[in-house]
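Just below is one structure, and these are the notes that go with it.
All of the numbers you see were taken from the coordinates with simple rules; none came from a lab. Keep in mind it's a predicted model, so treat the numbers as computed, not measured. So basically every Cβ, Gly included, is an ideal-geometry build from the backbone, and we count neighbours across all protein chains shown.
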Amino acid sequence: MNDTDMLFERLATLTTGYEPDPVKESQEPTYYDYPVLTKSFWSTEIIWYFFFGGLAAGCYTLASIAALFGSKEDRVVVRTGYYLALLALLPCPPLLIKDLGRPERFLHMLRVFKVKSPMSMGTWCLLGFSLFSSITATIQAARDGLLGKWWGARALAALPQKLLALPGVALAFFLGSYSGVLLTATSIPLWSRDKRLGAIFLTSALSTSSALISLILRVIGAPTRTLHKLEKIEWVAMSLEALEIFSFLRGSGRAARPLVGTGPQEQGRHFWSFMIGGGLVLPWLLQSLTLLGGKKSRRTRARGGKGLLISLLVLIGGYFLRRTIVEAGRTSSVDAHTTLWNARR
């Protein structure tokens, strides 16, 4: 084991509170070392589905907050947020259907409505959110003059967008968190040991969506005060996300070893390097330094590339959060010792 592996193992021990016994680890395999659970079959499509779904939910929420409570100059956030929410949502149904294997399975899921089933509720939430996201984006397009000046466009522009946004925000919160709740409803030790995945995915949705909106607004140009508000939201979301992830790792104990430890599938390296280090700690520190600057520093940041770098790092971290959790869950499912340990609680 090289120095890097030793560092990752030490970080895994500090975060999870579980330290493996080298004597037990070196023993010959027994009956209890054979997998108890069927390995998760979720592939790359579900990871992108979680990521784009979180972006859509977060962008819609931020746009609605700006519409309800923002100033006149914050209208650019409303416009950008509603458009981005719809664009991020478009790949979600194809990705979900592709992951199911056969298109008719998606239609079969619409035949039932189970309140106690996260998958059933998630499917109906995706449909409901698609409806409200499409309506609000169409209203915004009509108000921006993108649909022309005929009577139909004027009628759409007159619809109460703020009123329609209220149920849309409720569905957005559900969409942003249900993917984590769906994971906790399984028997996979990493996913089911601690129940904070829904909250983690929701705060990650807010941080990545604020980063995406900030990235677009910096490219097209936006008021400095609006960008400063987005920076504050992004910083708060990253702070909550960091606290929730640490609590999740401590609560998961041994089950989190595939996520934060070392191994042949490199989930631990990706988690520490791309998610925690590059996607959370580094942008949080950079954002903290920028928020401490004065108004002159704010104007410089609005024209500089530091804000673009922070946004890109947060987006990369949000993707690797979902990827490492899903991939480490597959590894966790084949560890019989951890499965039985998790069942004994």
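Quick notes on this one:
- Ranked packing of 278-288, 314-324, most packed first, by mean Cβ within 10 Å: 314-324, 278-288
- Qualifying chymotrypsin sites (Phe, Trp or Tyr not before Pro) in segment 80-115, where qualification requires a DSSP coil assignment and no more than 14 other C-beta atoms within 10 Å, comprise 113.
- Across 116/162; 162/195; 162/229; 116/195; 72/306, pairs whose alpha-carbon gap is larger than 24 Å: 116/162; 162/195; 72/306
- Using the average count of surrounding beta-carbon atoms within 10 Å as a protection proxy, the listed peptides 214-221, 59-66 rank, highest first, as 59-66, 214-221.
- In order along segment 108-121, the Karplus-derived 3J(HN,Hα) couplings, from 6.51 cos²θ - 1.76 cosθ + 1.60 at θ = phi - 60°, round to 5, 5, 7, 7, 10, 9, 10, 5, 8, 9, x, 5, 5, 5 Hz, and Gly and Pro are given as x.
- Positive minus negative residues near residue 46 (Lys, Arg vs Asp, Glu; Cβ under 12 Å): +1
- Per-peptide packing, taken as the mean over residues of other Cβ atoms within 10 Å, places 173-183, 191-201 in the sequence 173-183, 191-201 from highest down.
- Each of residue 73 and residue 286 was given a label point 7 Å from its Cα along the Cα-to-Cβ line. The distance between the two points is 2.4 nm.
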